[in-house]
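Only one structure is covered here, and it is reproduced in the block below.
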Amino acid sequence: MAHIPDGILSAPVLIGGGALCIGGLALALKGLDERDIPKTAILSAGFFVVSLVAVPIGPTSVHLLLGGLAGLILGLGAFPAIFVGLLLQALFFGMGGLTSLGVNTVNMALPGVLLALAARPLMAQAPTSRCVALAGMVGALSVLGTAALLCLSLWLSSPAYAPTLAIIAATYLPLAAAEGVITALIAGYLGKVKPEALFAGTLPEPAE
Amino acid sequence: MSETFGSLRLSGNARLDALDARTRVLAAFAAIVCVLVLRSPLALLCALAISLALIPLAGLSIGRVLRRLAHVEGFLVILVVLLPFTVAGAPIAHIGPLALSQEGLHLSVLLLLRANLSILILFTLLSGMEPVSSAHALARLGVPAKLVHLVLFSARYVTLIGEEARRLHDSLRARAFVPRTSRHTARTLAHFFGQLLVKALERAERVDEAMRCRAFNGRFPLLSTSTFGARDAAFVGLLACALALILLADRIA
């Protein structure tokens, strides 16, 4: 759902999104030690597989975007992880597009990375219950951020899209709710089973 | 998960595989950019007919490609259905209180054709390409080595982690788990996802240790034998002619 296919956005938006995406990737890759690459890659494969599982909501089902959780676990590394996931999805399934890859990466990665970086200091010494609640908020808000960025890229592309944006944004509300609940529960699970997974020192720290 | 990779392929020996991977990536990009600048629905329809005709040549099954296209439509549906009503213009029909405008209909048909055509191009030129050869193509097109390594590793481990997900999912089904909208489902799925990520992380630690033992310093020598040959030149020439003709037709129409 968050994959804008080729043929929808205007050239300036595609180029601007591509430039932002390259900037984000360059920043993240600079902070990534070459020997951390297998870890980041295997985790992004994990996120990719999780995003393929359908989560039922009422009569339909949704696929999680996982931007918030990726931000919480990988930090800035979520940027390349989501880029690789989208690239594989375009190559394997034809989901998304080639020219819109940059815009889609920014839309999905930027909110999660920013929110996770903001939540990190708050979660550092917080008790478990507050950590779980914060993780849920990061998950839900990053979906809303993705929806906002997606609407922004459509609106910047053509004013003709403007009246449809409210409806498109509304379709993200159930996903935001599901993503919030599941992200909180995953954070709780990781807290019990492998506490070092959430912003672990074993994982790439954001570039200082 | 069941019908994942390369399942669009009918046979394994498509003629496309004889091409250099770089040629395919660049050709797909050029064709999609060309589609994006087309303005006449007629030219787009011609291009659509051509790309449908090329599907069997690329070794893909038309039925499966069309079914896959239907899956991809999700995002388009909202825009294509709403635009005829929301774009201001000369009304051509009324449905209840809503007026269907000609400009809106035109825009929505253009979007539908462009998006589907681009996806068809992705399918015909890139689907069934080995992730390894696409990563090599990226590397030889100047993409930074770190990013190429990420793509290589992820593509490799997606299959393995997918198998792990299938095993966990089987064990859920063996315990009669049926996903519903309930607190139980949310908790079960979250534990399933969490466990998958924990397994991925532990696998990553093992792989990392094993690779360090074998003196991995963060670089893979990429050996790839494919070169830009006569076949590639012929393909590029044909594609360029076809794209130029369609662009010309578009400007005349």
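The values are calculated or read from the model by the stated rules, or taken from the named source; none is laboratory data. None of these values were measured; they are calculated from a predicted model. Note that each Cβ is placed from the backbone with ideal geometry, even for glycine, and that neighbours are counted across all protein chains shown. For the accessible areas, the whole protein counts, side chains as well, though only heavy atoms, and no ligand, DNA or RNA atoms are used. Shrake-Rupley method; radii C 1.70, N 1.55, O 1.52, S 1.80 Å.
Over all distinct Cα pairs, what is the inverse of the mean 1/r for chain B, reported as the Kirkwood hydrodynamic radius in Å?
Value: 22.0 Å, from the Cα pair sum.
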Reference-scaled alpha-carbon Rg (2.2 N^0.38 Å with N residues) for the range A:134-192: 1.37
Apply the Karplus parameterisation 6.51 cos²θ - 1.76 cosθ + 1.60, with θ equal to phi minus 60°, to every residue of the range A:137-152 and state each ³J(HN,Hα) to the nearest whole Hz, in sequence, with x for glycine and proline. 5, 4, x, 5, 5, 5, 5, 5, x, 4, 4, 5, 5, 5, 5, 4
Name all residues of the range A:7-48 having a backbone nitrogen under 18 Å from the label point set 7 Å from the Cα of B:Phe29 along its Cα→Cβ direction, giving them as ranges. A:7, A:11-26
The range A:73-114 - Rg and Dmax from Cα coordinates, angstrom: 10.1, 29
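Give me the percent of Cα-Cα pairs in the range B:44-111 that sit more than 21 Å apart, rounded to a whole number. Walk me through the numbers on the way to the answer.
Values: 996 of 2278 pairs.
Value for the range B:44-111: 44 percent of Cα pairs lie more than 21 Å apart.
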Phi-derived 3J(HN,Hα) across the range B:202-207 with the Karplus relation (6.51, -1.76, 1.60, θ = phi - 60°), rounded Hz, x for Gly and Pro, is 5, 4, 4, 5, 4, 4
Compute the acute angle (0 to 90°) between the alpha-carbon long axis of helix A:172-193 and the principal axis of greatest extent of the alpha-carbon atoms of chain A; round to the nearest 10°. 20 degrees
20 Å binning of all Cα-Cα separations within the protein assembly as shown, expressed as whole percents from 0 upward: 24, 56, 19, 1
List the extent of the Cα atoms of the range B:172-219 along each of their three principal axes, largest first, rounded to whole Å. 48, 19, 13
For chain B, longest principal axis from Cα atoms; helix B:230-252 axis from its Cα atoms; angle between them, nearest 10 degrees, is 40 degrees
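Give me the percent relative contact order of the range A:11-197, please, defined on Cα pairs under 8 angstrom at least 6 residues apart. Could the numbers behind the result be given before it?
On the way: 240 pairs, mean separation 45.5, N = 187.
Value for the range A:11-197: 24 percent.
About the Cα centre of the protein assembly as shown, what is the dipole size in debye to 20, counting +1 per Lys and Arg Cβ and -1 per Asp and Glu Cβ, all else neutral? Please list the in-between numbers first.
Details: 34 positive and 23 negative charges, 145 e Å.
That gives the protein assembly as shown a dipole magnitude of about 700 debye.
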So for B:Glu205, A:Glu179, what's the accessible-area order with a 1.4 Å probe, most first? B:Glu205, A:Glu179
How big is the range B:136-213 on each of its three principal axes, counting only the C-alpha atoms and giving the largest first in Å? 48, 30, 18
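Take the alpha carbon atoms of the range A:11-197, find their radius of gyration, then divide it by 2.2 N^0.38 Å using N residues; give the quotient. Please report the intermediate quantities before stating the final value.
Numbers: Rg = 16.2 Å, N = 187, 2.2 N^0.38 = 16.1 Å.
The value comes to 1.01.
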More than 18 angstrom apart: percent of Cα pairs within the range A:76-168: 55 percent
Would you mind getting me the FRET efficiency between B:Ala174 and A:Lys192? Use the beta-carbon distance for r and R0 = 35 Å, nearest 0.05. 0.90
Helix B:74-86 axis, angle to chain B major axis (alpha carbon atoms, nearest 10°): 30 degrees
Can you list the residues, at least 5 places off or on another chain, whose amide H is less than 5 Å from the amide H of A:Val62, using H built in the peptide plane? A:Val55, A:Ile57
Out of every Cα-Cα pair in the range A:6-110, what percent are more than 15 Å apart? 64 percent
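Efficiency by 1/(1 + (r/R0)^6): what FRET value for A:Ser61 and B:Ala242, r their Cβ-Cβ distance, R0 = 51 Å, to the nearest 0.05? Mind dumping the intermediate values first?
Details: r = 40 Å, r/R0 = 0.79.
After rounding, the FRET efficiency stands at 0.80.
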Show me, for the range B:160-171, the HN-Hα J-couplings you get by feeding each phi into the Karplus relation (A = 6.51, B = -1.76, C = 1.60, θ = phi - 60°), rounded to Hz, glycine and proline as x. 5, 6, x, 5, 4, 4, 5, 5, 4, 5, 4, 5
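What's the FRET efficiency of B:Ala233 with A:Ala54 using the Cβ-Cβ distance as r and R₀ = 60 Å, to the nearest 0.05?
0.85
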In Å², nearest 100, what accessible area do chains A and B bury in total when the solvent probe is 1.4 Å? 6400 Å²
